[in-house]
Amino acid sequence: MNKSLKAINYKSELISVKEYDFSEDFVAISCEVDDSGVCRHSGLIISYDGAIFYFHFGGKSVELENLNDQTDDLNSLYIKKLDIISNEEVVVFLGHCEKLQKIGVHPKYGFLFDDSYYDSSDYKSFLVNANYDITTCVGFCVKVIRMFIHNNDEYLKLDDWNISSIYDADQWVKDFMNKYLPIYAKAYGLSIADLFAQNEIKRIAPSELLSSTFFTDLPIRKLSIDGIRPELEEFFLKIKRRAA
């Protein structure tokens with residue numbers, strides 16, 4: 001069941017890694033929030049047996065970091081538990097991430113969202129439903145999560161987003177698309193026209209992915225996320241204003 005929107009207490013549910021209680025095993029979606037209060041980067045946090053792991057795609061490589069060994073300030077990294085993954089599944093999920101990091105996936109950074117996902121049980125090809133792996137930090141998290149959903153159904157209803165999400169994005173997103181999409185198309189033998197026609201070119205923002213954690217009925221729709229995203233973003237803006 002989805003949580004009543006009126007019941008959301010952002011202060012108690014969106015907590016920095018520095019302040020979080022890691023006494024239980026869980027998987028969470030994380031978001032790095034900059035000094036202006038904007039959600040900039042998505043990742044996954046795995047809390048298992050007292051260890052805290054940060055699994056994410058930074059644009060160049062896939063990283064699995066042990067945050068117990070980190071000495072940096074982690075106050076900018078906020079997390080929300082992912083309720084669709086049970087405590088009992090955490091150890092399997094961590095193993096899934098370890099295989100993907102050590103052996104399997106090397107995505108290129110780009111704003112393509114398709115029907116693909118990562119299956120770490122297949123050592124020949126970790127990528128399922130696509131011949132190319134072009135994605136963002138958000139898309140990477142979605143691909144990792146999808147293996148743990150019954151029958152490999154969608155986590156997010158990706159078709160709810162379209163090219164308008166690129167038009168509405170910051171200028172750097174448009175500049176990146178204009179520079180790299182032709183390069184990727186040539187390298188992978190893709191047709192840019194087909195990518196547009198198939199509704200694969202789009203952007204899902206880190207704040208949208210973090211907002212998805214408040215829902216458990218799958219696939220999660222953009223309309224549901226839009227219902228809480230403004231309040232979530234305002235929550236972070238207020239935190240950073242108070243800290244300034």
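Coordinate-derived values only; no laboratory data. As the structure is a prediction and not an experimental result, all values here were calculated from the model. Note that each Cβ is placed from the backbone with ideal geometry, even for glycine, and that neighbours are counted across all protein chains shown.
Which of Cys97, Ser120, Met177 sits closest to the plus end of the dipole of the chain, meaning its Cα is farthest towards the positive end, when Lys and Arg get +1 and Asp and Glu get -1 on the C-beta?
Farthest towards the positive end: Met177.
With a point put 7 Å past each Cα toward its Cβ, work out how far Glu234 is from Asp175 in nm, to one decimal.
For the pair Glu234/Asp175, the computed spacing is 3.1 nm.
Which residue, chosen from Tyr132, Phe235, Tyr167, occupies the Cα position most advanced towards the positive end of the dipole of the range 110-244, where the dipole is computed from +1 (Lys, Arg) and -1 (Asp, Glu) charges on Cβ about the Cα centre?
Phe235
Ranking request for peptides 18-31, 182-195: highest mean number of other beta-carbon atoms within 10 Å first, then the rest in descending order.
Listed from highest to lowest mean packing, they are 18-31, 182-195.
Could you state the orientation-averaged shadow area of the convex hull built on the Cα atoms of the range 132-244, in nm² to one decimal?
Reported value for the Cα convex hull: 8.6 nm².
In nm, to one decimal, how far is the modelled label at Ser164 from the one at Ser61, with both set 7 Å along Cα→Cβ?
4.0 nm
Please report the net charge: other residues with Cβ closer than 13 Å to the Cβ of Leu158, K and R +1, D and E -1.
Spelling it out: positives minus negatives among the neighbours equals -1.
Per residue of the chain, what 222 nm ellipticity follows from adding -39500 (n - 2.57) for every DSSP H run with n ≥ 4, rounded to the nearest 500?
Result for the chain, helices only: -10000 deg cm²/dmol.
Evaluate the relative contact order of the range 3-136 (contact order divided by residue number), counting alpha-carbon pairs under 8 angstrom at least 6 apart; express in whole percent.
Contact order relative to length: 22 percent.
Give me log10 I(q)/I(0) at q = 0.09, 0.17 Å⁻¹ for the chain, Debye formula, one equal scatterer per alpha-carbon, no solvent.
For the requested q values the scattering log ratios are -0.37, -1.43.
In nm, to one decimal, how far is the Ser121 label point from the Asp69 one, both placed 7 Å along Cα→Cβ?
The modelled label-to-label distance comes out at 3.0 nm.
Below 12 angstrom from the Cβ of Tyr20, what's the summed charge of the other residues (Lys, Arg +1; Asp, Glu -1)?
-1
Roughly how many debye, to the nearest 20, is the charge dipole of the chain about its Cα centre, given +1 on each Lys and Arg Cβ, -1 on each Asp and Glu Cβ, and no other charges?
It comes to approximately 620 debye.
Residues with beta-carbon under 15 Å from that of Glu88, excluding Glu88: net charge, scoring Lys, Arg +1 and Asp, Glu -1?
Cβ neighbours under 15 Å give a net charge of -4.
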